[in-house]
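Novice: Starting off with a structure, shown below.
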Amino acid sequence: MPLKVEKIAEGTVIDHIKAGTGTRVLALLSNTYPLSKMVALIINAESKKLGRKDILKIEGVFLDEKTTNRVSLISPHATINIIKEGKVVEKRAVETPKSLSGVVKCPNPKCITNTERAETTFMSAGKERFRCRHCERLFSPEELA
Amino acid sequence: MKDLVSIRDLGKADVELILEEAAKMEKMLSKKADGLLAGKIVSTMFFEPSTRTNMSFQAAAKRLGAKLMTFYPSISSTAKGESLGDTIRMIDGYVDVIVLRHPYEGAARFAADVAEHPVINAGDGANQHPTQTLLDLYTIKKIKKKIRGLKVSLMGDLKHARTMRSLLFGLGMFGAEITLISPIQLRMDEDIIEETQEKFGATIHQTSEIDLREADVLYVCRIQKERFSDQYEAEKMQKEFRVDLAMLKDANPDLAILHPLPKVDEIPPEVDSDPRAKYFEQAKNGVPVRMAVLYLAAKGR
């Protein structure tokens, strides 16, 4: 029997999260927003498209673009539903962005951005990899997330 | 061109402009260049030791008639904990061109963002050293009159040598046919090989066999022994991947042997007198190439 989870009235539903990565998306959001209202994380829900998926429902939080980009690093095929007054007012697919500015730290400890006050930028370098504008090293989305 | 941060920022036309300008500079070296940067101040900021790069930048600035201000991190406010950003902002207010070497990767990009005057990267950690690549290309073009179609072998520790990665990119840009010779453990990262192939359609072979019969250029770098935990293993590789007179017997008589210097065991001193050894000439070319870079940067081109 499918699990029943309450609908939310105002907030965000992140659907089609890659199964098993929902906790990481939740950890990311809890570092970004005060999660003071209802939060539901459903792990390994059945999905026609993906077989299994995770779903995250967050009351009172509307995901901004920067955070959406960071979610894309963890789960590139997630979909974001913005809910207002109990209705979906916006539905967007998470896209792997062309570039990420000021979103994540550079994983290279010798990169200047880790010692100076510099905004990081990562440019998409194809094959799901990003190049740091400063140290010019390549990273996978996993490494950046 | 304003800043010179990375070889990745340069198109073929930019590189050609610098090489042409360097050829002019070489002709004017002794006297006529003096005055080209009269009234300008160049600052060399070296946060890491360097002999050739530092001195050739200083020689280049002096040849152009610029005034030099040398920054010493050990006796400056850096020693008091000042950030690189603040140091650059301050020096930027005093001089017309900044030449920067720094152990952190991306330091030159950061400095170029902060400074209003041109910043020239003289090496940022393991990342980039564009004037080295430019002087390598200049040397090859000067000796062989062309780069396209040349058979160029890069040999040594290709995994750790910054010089080799940038040079591969530069050679690919100009259509050389490249052979990478190294122990299997020290092969170049696939990333940069793929990037060079995809961007320029470059021909790149990889091998552990040394065969110099067809090579037009052999570019050697040292095995970075300090990176090995097993020193015996490092010694063994160094013995195998070195250039000696016996090996050169069968090599192309028109071969040009290059090396970024300092060289240690990978080229024994007896090779120095072989007419094919061109590495000291290569080092000398650092001056006209850096003159061209300083001049173009200061003129805002």
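The values are calculated or read from the model by the stated rules, or taken from the named source; none is laboratory data. Quick caveat: nothing in here was measured; it's all calculated off a predicted structure. Cβ sites come from the backbone with ideal geometry, for glycine too, and all protein chains shown count toward neighbours. Only protein heavy atoms, including side chains, enter the accessible area calculation; ligands, DNA and RNA are left aside. Shrake-Rupley method; radii C 1.70, N 1.55, O 1.52, S 1.80 Å.
Novice: In the protein assembly as shown, if the dipole is taken from +1 on Lys/Arg beta carbons and -1 on Asp/Glu beta carbons about the Cα centre, which of A:V13, A:P76, A:V88 is farthest to the positive end?
Specialist: A:V88
Novice: Here is a follow-up. Count neighbours as other Cβ atoms within 10 Å of each site's Cβ, and list the trypsin sites (Lys or Arg not before Pro) in region A:108-141 that are DSSP loop with at most 14 such neighbours.
Specialist: Sparse-neighbourhood loop trypsin sites (Lys or Arg not before Pro): A:R117, A:K127.
Novice: Please compute the per residue accessible area over chain B with all protein chains in place, 1.4 Å probe, rounded to a whole number of Å².
Specialist: 43
Novice: What fraction, in whole percent, of alpha-carbon pairs in region B:12-128 exceed 23 Å separation?
Specialist: Taking all Cα-Cα pairs of region B:12-128, the fraction more than 23 Å apart is 32 percent.
Novice: Put one equal scatterer on each alpha carbon of region A:30-74, apply the Debye formula with no solvent term, and list log10 I(q)/I(0) at q = 0.24, 0.25 1/Å to two decimals.
Specialist: -1.00, -1.03
Novice: For the pairing of chain B with chain A, what total accessible surface becomes buried, with a 1.4 angstrom probe, in square angstrom to the nearest 100?
Specialist: Heavy-atom accessible area buried at this interface is about 1500 Å².
Novice: So how exposed is B:L154, as accessible area in Å² (1.4 Å probe, rounded to 10)?
Specialist: Looks like 0 Å² after rounding.
Novice: Using only alpha carbon pairs under 8 Å that are at least six residues apart, calculate the relative contact order of region B:130-283 and give it in whole percent.
Specialist: 23
Novice: So, with +1 on the Cβ of K and R and -1 on the Cβ of D and E, and no other charges, what is the size of the charge dipole of chain B about its Cα centre, to the nearest 20 debye?
Specialist: Here chain B has a charge dipole of around 1300 debye.
Novice: Take the Cα atoms of the protein assembly as shown, find their three principal axes, and give me the spread along each one in whole Å, biggest first.
Specialist: So the extents along the principal axes, rounded to whole Å, are 85, 53, 40.
Novice: How tilted is helix A:65-74 with respect to the longest principal axis of chain A? Cα atoms for both, answer in degrees (0 to 90, nearest 10).
Specialist: Taking Cα atoms only, the helix is inclined about 90 degrees.
Novice: State, to one decimal in nm², a quarter of the convex hull surface area for the C-alpha atoms of region B:18-82, i.e. the direction-averaged projected area.
Specialist: Quarter of the Cα hull surface area: 5.4 nm².
Novice: Using the alpha-carbon atoms, what tilt in degrees (0 to 90, nearest 10) does helix B:231-240 show relative to the longest principal axis of chain B?
Specialist: 70
Novice: Peptide A:114-125: average number of partner chain Cβ atoms within 10 Å per residue?
Specialist: Taking the mean over all residues of the peptide, I get 3.
Novice: Quick one: divide the alpha-carbon radius of gyration of region B:121-167 by 2.2 N^0.38 Å and tell me what you get.
Specialist: 1.22
Novice: Taking N as the number of residues in chain A, what value does Rg over Cα atoms divided by 2.2 N^0.38 Å take?
Specialist: The value comes to 1.12.
Novice: With a 10 Å cut-off between alpha carbons and a GNM built on chain A, which of A:K98, A:K18, A:K84 moves the most?
Specialist: With Cα springs under 10 Å in chain A, the top fluctuation among A:K98, A:K18, A:K84 is at A:K98.
Novice: So, one more: How big is the dipole moment of the protein assembly as shown about its Cα centre under a simple scheme where the beta carbon of each Lys and Arg is +1, that of each Asp and Glu is -1, and everything else is neutral? Debye, nearest 20, please.
Specialist: 860
Novice: Of the candidates A:I80, A:I17, A:I43, which one comes out as most mobile in a Gaussian network treatment of chain A with C-alpha springs shorter than 10 Å?
Specialist: Judging by the Gaussian network model, the answer is A:I43.
Novice: Next question, about the same structure. Relative contact order, percent, of chain A when contacts are C-alpha pairs under 8 Å separated by at least 6 residues?
Specialist: 22
Novice: If you don't mind, another one. Quick check on packing: order B:15-23, B:265-273 by the mean number of other C-beta atoms within 10 Å, highest mean leading.
Specialist: Output ranking for B:15-23, B:265-273: B:15-23, B:265-273.
Novice: If we sort A:118-125, B:130-137 on the protection proxy, mean other Cβ atoms within 10 Å, highest first, what's the order?
Specialist: By packing density, highest mean first, the sequence is B:130-137, A:118-125.
Novice: List the lysines whose Cα sits under 23 Å from the Cα of A:K7, skipping any in the same chain fewer than 8 residues away.
Specialist: Of all the lysines, those that pass the test against A:K7 - Cα under 23 Å, at least 8 places apart if same chain - are A:K18, A:K37, A:K48, A:K49, A:K53, A:K57, A:K84, A:K87, A:K91.
Novice: Just report the Cα centroid separation between region A:32-100 and region B:144-201, whole Å.
Specialist: 44
Novice: Which entries in the list A:K66/A:K127; B:K144/B:K299; B:K199/B:K278; B:K2/B:K225; A:K127/B:K151 go over 32 Å, if you measure between the two C-alpha atoms of each?
Specialist: Those over the limit are B:K2/B:K225.
Novice: Right, here's the next one. Please report the relative contact order for region B:30-187, taking Cα pairs under 8 Å with a sequence separation of at least 6, and give it as a percent rounded to a whole number.
Specialist: 17
Novice: With point charges of +1 on the Cβ of Lys and Arg and -1 on the Cβ of Asp and Glu, referenced to the Cα centre of chain B, which listed residue (B:I192, B:G11, B:M90) lies farthest in the positive direction of the dipole?
Specialist: B:M90
Novice: What are the semi-axes of the equivalent ellipsoid of region B:130-283, taken as the square roots of 5 times the eigenvalues of the Cα gyration tensor, listed largest first and rounded to whole Å?
Specialist: 22, 19, 14
Novice: Where the convex hull is taken over the Cα atoms of chain B, what is its projected area averaged over directions, in nm²?
Specialist: Hull-based average projected area comes out at 15.6 nm².
Novice: At 1.4 Å probe size, with the rest of the protein present, what percent of the exposed accessible area of chain B is carbon and sulfur atoms?
Specialist: Ligands and nucleic acids excluded, carbon and sulfur reach 49 percent.
Novice: Quick one: check the C-alpha center-to-center distance for region A:117-141 versus region B:1-49, whole angstrom.
Specialist: Taking the Cα centre of each part, region A:117-141 and region B:1-49 sit 29 Å apart.
Novice: At a cut-off of 20 Å², which residues of region B:91-129 become less accessible once all protein chains are present than in their chain alone, using a 1.4 Å probe?
Specialist: B:P103, B:Y104, B:E105, B:G106, B:R109, B:F110, B:D113, B:N127
Novice: Another one. Between helix B:52-63 and chain B, what is the angle of the helix's C-alpha long axis to the longest principal axis, kept within 0 to 90° and rounded to the nearest 10?
Specialist: The answer is roughly 50 degrees.
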